[in-house]
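**Q** Dropping the structure in here first, questions after.
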Amino acid sequence: MKISISKPMVMILSSIIAYGIFIACTTTNKSSGGDNNSSSQEEEKHQAYHSDLSYTFPVTDSPNPSERTQVYFDEYGWQMFVAMCWPASSTMRGVPDTTKSILSPGNSIPVWMSLKTSTEAFKHSPDSMMPWDTGYPNDQLRLISHSKVAENIKPFLGSIDQAVGGSLIDQNSNFSYYERYMNQVEYDYILDNKFYDGNVLNALNKDVKFPATSMEIKSAWTIIEQDDDASKFFTTKAMVAKINENTGEPTGEYMEKLVGLTGLHIAYKTSSSPQWVWATFEHIGNNPIFNTPDSIRKDNKYTYYNPECDSAACPANQQTFEPGKPIKPTQVVRMTLLTEEAKALNAQYQKALKGTAWENYKLIATQWPTDPKNPANPQGTPAPNILANTTMETFIPLESSCMGCHSTARTRNSKVKTDYSFLLLEANTD
């Protein structure tokens, strides 16, 4: 299938350790029950792609095996990105402002930043759980969850921390920060089933099944310094956590900073892809690819790579933060190539988005199940087999697989599976 392309928000960021949880969307169906496989008629019907940049979210992917190709899903990933980065409504969460364009001047809040965060979905008190549209994040301070938001969940994230944990540090010696979001379909499902309560989850005797059209997004951010070109990033003001260099833990104090988006994960479940569809995007200035010539590396300024530091002094993709020692930047190199088709698609969309910050982002790939409905093959044989975002899976660039990792997601007591989502580990058991 061919596709043709003819005020900053203030938030508080406090996560420094990346782990594999990500969340978000614009659909508004509501489902309940512990094992709900139903979806709206609209979701069941394949929706055609739009011929230009559109705020309309591609509700579902094609169930037709002959259409399900890598090129198809990479196009699908870009359609999701454009819809989620469209300026958001100023009154309703997860809804685009149809009077604006993604090409409109300014730095409007994108749709995905108007969604519920994981900290809003997993409150310490059930009484504090609020309906979807309450607490709309319109130009106000927000708490961006620390990835160690609950001390008692750390042991249960051990395998995730081993795979994608650690601290990513940019070339200005600043930590990278993360946030996770979910759409209304997923939020309402959690609310209706009381899955914000870890005790309810621990008592389950059957696997969690999120409704089709559930969605999660994870974003990665870097602090923008004076010598950085802020115009090249989607930016927002933030209160970022000060870090104790002796422990690697937040001090409880915050600094107001301008932060720029460096990575975005989108995970979306459809009836045709019950293993979810996983699209990942990065800023074009993050780092070089392993085969980038030295002459080109030295002509560019990267967020997570120093071309003047040799491999002996700055080994690639290794954790550099050691508590009690001076902070050292992480040297990041992409170890997998983009397909030629993905590069051509990126060029198309970057041209269409010219003049906006979004022209500086690229799709790495979209991972999708090639065998989605085979009971004997529950993981669905993902393609591509390896997919890593260098801002989120920095230290396992040749091992990371979204579907492979998330297929292991379980409740805190490991009794039942949680349908490719680690977010339920944030549910409180107090």
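The values are calculated or read from the model by the stated rules, or taken from the named source; none is laboratory data. In this text the structure is predicted, and so the values were computed from the model without any measurement. For neighbour counting, all protein chains shown are included, and Cβ atoms are generated from backbone atoms with ideal geometry for every residue, glycine included.
**Q** Could you list, in sequence order, the residues of the stretch 296-329 that are farther than 23 Å from I364 by Cα and among the hydroxyl-bearing types (S, T, Y)?
**A** S311, T320
**Q** Output the residues belonging to the stretch 262-291 that are part of a loop (DSSP other than H, G, I, E, B), out of contact with any helix residue (DSSP H, G or I) (no Cβ under 6 Å at 6 or more places or on another chain) and within 25 Å of L353 (Cα to Cα).
**A** Residues satisfying the conditions are G285, N286, N287.
**Q** Listed residues M403, M392; which is within 17 Å of S118 (Cβ to Cβ) and not polar (S, T, N, Q)?
**A** Exactly one residue qualifies, and that residue is M392.
**Q** Residue check: is L345 of a type in the set (A, V, I, L, M, F, W, C) and surrounded by 20 or more Cβ atoms within 10 Å (Cβ to Cβ)?
**A** yes
**Q** Return the only residue of T390, T370 being surrounded by 21 or more Cβ atoms within 10 Å (Cβ to Cβ), at pLDDT 90 or above and not aromatic (F, W, Y).
**A** Of the residues listed, the single one that is surrounded by 21 or more Cβ atoms within 10 Å (Cβ to Cβ), at pLDDT 90 or above and not aromatic (F, W, Y) is T390.
**Q** Among the residues that make up the stretch 292-313, is at least one of them closer than 23 Å to P384 by Cα and assigned to a loop (DSSP other than H, G, I, E, B)?
**A** Yes: one or more hits.
**Q** Is it fair to say V259 is more than 30 Å from F57 (Cβ to Cβ), in contact with a strand residue (DSSP E or B) (Cβ under 6 Å, 6 or more places away or on another chain), β-branched (V, I, T) and at pLDDT below 95?
**A** Answer is no for this residue.
**Q** Between a residue in the stretch 177-196 that is more than 29 Å from A241 (Cα to Cα) and any residue that is surrounded by fewer than 24 Cβ atoms within 10 Å (Cβ to Cβ) and charged (D, E, K, R), which pairs come within a Cβ distance under 6 Å, given they are 6 or more apart or on different chains?
**A** Here the result reads D188/K30, each pair linking the stretch 177-196 to a residue that is surrounded by fewer than 24 Cβ atoms within 10 Å (Cβ to Cβ) and charged (D, E, K, R).
**Q** Does the stretch 55-93 hold any residues that are part of a helix (DSSP H, G or I) and among the aromatic types (F, W, Y), and which are they?
**A** Once the filter is applied, which keeps residues that are part of a helix (DSSP H, G or I) and among the aromatic types (F, W, Y), the stretch 55-93 yields Y72, F73, Y76, W78, F81.
**Q** What number of residues within the stretch 176-207 are crowded, with 23+ Cβ neighbours inside 10 Å, of a type in the set (D, E, K, R) and not in a helix (DSSP H, G or I)?
**A** 2
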